[in-house]
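Colleague: What follows is a structure written as structure tokens; I'll ask about it next.
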Amino acid sequence: MTLVALSLHLAGATVLLLYAVHLVRSGVENAYGTSLKRVLARGGERRIYAAASGTVLAVLLQSSTAVAMLASGLSASGYLTLNTSLAVLLGADLGSALVVRVLSFDLGWLSPLLLAAGGLLYLKGRSDKPRELGRMLLGIGFVLMSLKLIGEATLPLKQSDVLPAVVGYLAEDQVTAFAAAMLFTWIVHSSVAVLILILGFAGQGLLPVEAGLPLILGANLGSGLIAMWLTRGFSAEARRVAAGNLLFRAFGAAIALLVIGPFSAELQHLGATAAEQFVHFHLAFNACLVIFCLPLSQLAASAVTSLIKSDLKSSEDSDTLARRISALDQALLDSPDAALAAATREVLFMGEVVERMLCPVMELPSPAKIEEIRRLDGYVNRAHRDIKLYLAAIHRGVLDERQSRRGVELIDIAINLEHAGDIVSKTLVEIARDKLENGNNFSDEGWTELKALHASVRDNMRLAFNLLVSDDPVMARKLVREKERVRALVRESHERHLARLRAGRAESVESSNMHLEVARALKEVNSLLATLAYPILKQRGDLLESRLALVKG
């Protein structure tokens, strides 16, 4: 087989591996994305819990980068502190190393079973969950198939005249080997794929220890670069998470690169073959990062906070809103369907502003941020007024039953969103201001409960706005089920709060009114969002007119 044919064989197997990892990740995110966020947000400030959660999520998603993006988003939204987010990423890197260790076993016999089971679930599944489970199984099956193909592609390279020269050069120049692996990992955006390739070469006896170790360290640092690159356009809070993780990995890789030469002979204790030694070295490297860097996460958080300053966009955002051109085009009033579509766009904008108001209220916002939330509430009030007047003008024309019903629905949605904005600006913001001025603190357990509740309401807000433009009955039923789940969260939080009061917890006594008011306000906002699902379910006959049972006599 020619070198070109071998290269094509190896490239095809590598692309299949990348696609397979993407399939697994997308299946898990589609089926359990909301639950994964709740798992992370539930940990509060417990760094060990955060690291363990990151490890589990990286194993499920088969990607530490996916966990990094998830943690960065939660940190930017105020659900996770930077300190906790860095702990999550340390655990995620260890989880990714565990994935590589599992994939290094000979599991090729499982591939046909997984492909058959996954294909049947994906093709025959009657709901989203079975189909996404099928997608995950297909992805794992393709991963195992690609590993077999990589082994077949690397086997003939033993007879290559070029490869020994390249490997010999990398063994002599470890810095070049390190940099090459780092760059290649960033290019393919998957450290798992790169490490599997390295192990494939090692399994065929093509990589000596002197060349393999810097390649593994370079792949580890490249993994941190991927998250840094993907978050480059995010807020400062999100970029800090990726930067802190990159700082840990660069520090660890630099130390390891200095010591692997004198201690390379000791690697024989890590396994009988080069591939086993490499995979155990990779696992040990990430375990050491967790052990030694987890206590330093607060120090790293302070360092990256000083390096990456907060975005100062409040005034710019306000100016942008002030200059925004309304979707309520008066020229469309003679065309009811077009006018209703324009009104829908404006209602969606109104909802997006309410979401911007809700996001920072759990961050203990500064006085400037509190003032910004109040300014945003003014935009919500004006949008509410303009939408009502516009829809009233549409109703002066001749509308059929469907158009008239849609107009009423949009007015109701605008009223509910305006009410939700008032709850945020007049209740939640006032509680945040009192907490800022008086220094009252929630108990750790109570604060974790409220942040988890806030995360659920935000997720439901996005679900409601997606429903506004899709009219999907499955999504509508999910939104109503989420309403019941939020009510259960509030009830459980109340019960736990009362238990803390009975136990005489000082923080709970001081913050009792605030805790109950925040939970009640978030529950009310969520209930207002759930009303977006009612018209869709009512038309399909899935919603009862009343919950009251008829009693004879």
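Readers should treat all values here as calculations from the given coordinates under stated rules, not as data from a laboratory. Source: prediction; values computed, not measured. Reconstructed Cβ throughout: ideal geometry from the backbone, glycine too, with neighbour counts over all protein chains shown.
Colleague: Please get the size of the charge dipole for the chain, origin at its Cα centre, with Cβ charges of +1 on Lys and Arg and -1 on Asp and Glu, quoted in debye to the nearest 20. Mind dumping the intermediate values first?
Modeller: Values: 57 positive and 54 negative charges, 266 e Å.
Magnitude of the dipole: close to 1280 debye.
Colleague: In addition: So what is the relative contact order for the chain, in percent, with contacts set as C-alpha pairs under 8 Å and at least six apart?
Modeller: 14 percent.
Colleague: What angle do you read, to the nearest 10 degrees and between 0 and 90, between the alpha-carbon axis of helix 367-394 and the longest principal axis of the chain?
Modeller: The answer is roughly 60 degrees.
Colleague: Just check segment 477-541 against the gyration tensor rule for me: Cα atoms, a ≥ b ≥ c as the square roots of the eigenvalues, rounded for a/c under 1.5, and otherwise prolate or oblate depending on whether a/b exceeds b/c. Numbers along the way, then the final one.
Modeller: Details: a/c = 6.23, a/b = 3.01, b/c = 2.07.
Note, shape of segment 477-541 comes out prolate.
Colleague: Here's another thing I want to ask about it. With no solvent and one equal point scatterer per Cα, compute the Debye intensity ratio I(q)/I(0) for segment 174-296 at 0.15, 0.17, 0.22 Å⁻¹ and report its log10, rounded to two decimals.
Modeller: Debye intensities relative to I(0), on a log10 scale: -0.66, -0.84, -1.30.
Colleague: For segment 69-226, what does the alpha-carbon gyration tensor say about shape, rounded, prolate or oblate, given a ≥ b ≥ c as the root eigenvalues, a/c under 1.5 as rounded, and a/b over b/c as prolate?
Modeller: Working: a/c = 2.98, a/b = 1.22, b/c = 2.44.
Taking the square roots of the gyration eigenvalues as a ≥ b ≥ c, segment 69-226 is oblate.
Colleague: Output the 0 to 90 degree angle, nearest 10, between the alpha-carbon long axis of helix 174-188 and the longest principal axis computed from the alpha carbons of the chain.
Modeller: Long axis of 174-188 versus the principal axis of the chain: about 40 degrees.
Colleague: Same structure again: By how many degrees, between 0 and 90 and to the nearest 10, does the Cα long axis of helix 47-61 differ from the longest principal axis of the chain?
Modeller: Result, in degrees: 80.
Colleague: Given the pairs Lys388/Lys478; Lys388/Lys483; Lys388/Lys451; Lys309/Lys478; Lys124/Lys478, which are separated by over 32 angstrom at their Cα positions?
Modeller: Details: Lys388/Lys478 28 Å; Lys388/Lys483 27 Å; Lys388/Lys451 34 Å; Lys309/Lys478 39 Å; Lys124/Lys478 22 Å.
Over 32 Å Cα-Cα: Lys388/Lys451; Lys309/Lys478.
Colleague: I would also like to ask the following. DSSP loop trypsin sites (Lys or Arg not before Pro) in segment 348-428 with at most 14 other Cβ atoms within 10 Å of their Cβ, which ones? Can you show the working numbers first?
Modeller: On the way: sites: Arg356, Lys369, Arg374, Arg375, Arg382, Arg385, Lys388, Arg396, Arg402, Arg405, Arg406, Lys426; in loops: Arg396.
Passing both the DSSP loop test and the Cβ count: Arg396.
Colleague: Continuing with the same structure: With viscosity set to 0.692 mPa s and temperature to 37 °C, compute the Stokes-Einstein D of segment 170-210, Rh being the Kirkwood radius across alpha carbon pairs; µm²/s, no decimals.
Modeller: On the way: Rh = 10.7 Å.
Approximately 307 µm²/s, per Stokes-Einstein.
Colleague: Normalized C-alpha radius of gyration of the chain, against 2.2 N^0.38 Å? Kindly include the intermediate steps, with their values, before the conclusion.
Modeller: Working: Rg = 27.5 Å, N = 553, 2.2 N^0.38 = 24.2 Å.
Compared with the compact-globule rule of thumb, the chain sits at 1.13.
Colleague: Taking N as the number of residues in segment 349-476, what value does Rg over Cα atoms divided by 2.2 N^0.38 Å take? Please list the in-between numbers first.
Modeller: Values: Rg = 17.5 Å, N = 128, 2.2 N^0.38 = 13.9 Å.
My calculation over the Cα atoms of segment 349-476 gives 1.26.
Colleague: Take every Cα-Cα pair in segment 324-374 and report what % of them are more than 12 Å apart. If you can, show how the numbers build up before the last one.
Modeller: Working: 874 of 1275 pairs.
Summing the P(r) of segment 324-374 above 12 Å gives 69 percent of all pairs.
Colleague: Once you place label points 7 Å from the Cα toward the Cβ at Leu537 and Ala341, how far apart are they in nm?
Modeller: 2.9 nm
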